[in-house]
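Notes follow once the structure below has been shown.
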Amino acid sequence: MNRTVAVGMLFLTAGCGYHFGHALERSEISVAVFDNLTERRHHELDLTRQLIRELAHAGVKVDPKAAVELRGEIVEIGLPALAESQTDEVLVGAFSVTVRCRLVEKGSGKVLWEESASGRGTFTDLRGKPVEAARQEAFRQVGSKIAARFDARW
């Protein structure tokens, strides 16, 4: 009878999505400052801070001592002008950013998942929305998309 109960418990736990030997604390991660592969520098810290805010909002605890680390890099930044004045002043435009990120086990270096995320924000000085607001909106979108991946229990 004990063997039957043990086999039954094994099937029950296997049916719940639990895998022996693969238990990771998924509610805590470490986040490294993202690298920037573009020529437009000085966005790395702001993007990383926004990502940490979005992760916290999703209920993920960011802890430098966590067993897994989120790493990434900015691979593209766009700042196209949609309209310019006669003095070459940008009146309407957009700020876009694309990042590539991966979740890595610190000890083994094993990549648990890898994906890209993009965000875009528009700006127009004529209506009081500066380029900085567009940049923050793009960063928020990227952070939200990455944080949603953690909600899905990767």
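Does GLU76 count as more than 18 Å from SER27 (Cα to Cα) and modelled with pLDDT under 90? So GLU76 does not fit the description; no. One residue alone among ALA58, ALA134 is within 24 Å of ARG41 (Cβ to Cβ) and either over 11 Å from the mean Cα position of the chain (by Cα) or aromatic (Phe, Trp, Tyr) (or both), and that residue is ALA134. When you look at ARG120, is it basic (Lys, Arg), over 15 Å from GLU54 (Cβ atoms) and at pLDDT below 90, yes or no? When the stated conditions are applied, ARG120 does not pass them.
Could you please let me know if ARG149 is of a type in the set (Lys, Arg), free of Cβ contacts under 8 Å to residues at least 40 places away in the same chain and assigned to a strand (DSSP E or B)? Taking the combined requirement at face value, the residue does not satisfy it.
Looking only at residues that are among the charged types (D, E, K, R) and touching a Gly at 6+ places or on another chain (Cβ under 8 Å) in the stretch 123-144, which one is modelled with the lowest pLDDT? So that I can check it myself, show each step before the final result.
So in the stretch 123-144, the residues among the charged types (D, E, K, R) come out as 125, 127, 129, 132, 135, 137, 140.
Filter once more, so that each one left must be touching a Gly at 6+ places or on another chain (Cβ under 8 Å): 135, 137, 140.
Details: ARG135: 93, GLU137: 96, ARG140: 96.
Restricting to residues being among the charged types (D, E, K, R) and touching a Gly at 6+ places or on another chain (Cβ under 8 Å), the top hit is ARG135.
If you go through the stretch 110-139 and pick out every residue that is buried (at least 18 other Cβ atoms within 10 Å of the Cβ) and in contact with a helix residue (DSSP H, G or I) (Cβ under 6 Å, 6 or more places away or on another chain), you end up with 5.
The values are calculated or read from the model by the stated rules, or taken from the named source; none is laboratory data. Not measured: the values here are computed from a predicted model. Positions of Cβ are generated from backbone atoms using ideal geometry, with glycine treated the same way; all protein chains shown enter the neighbour counts.
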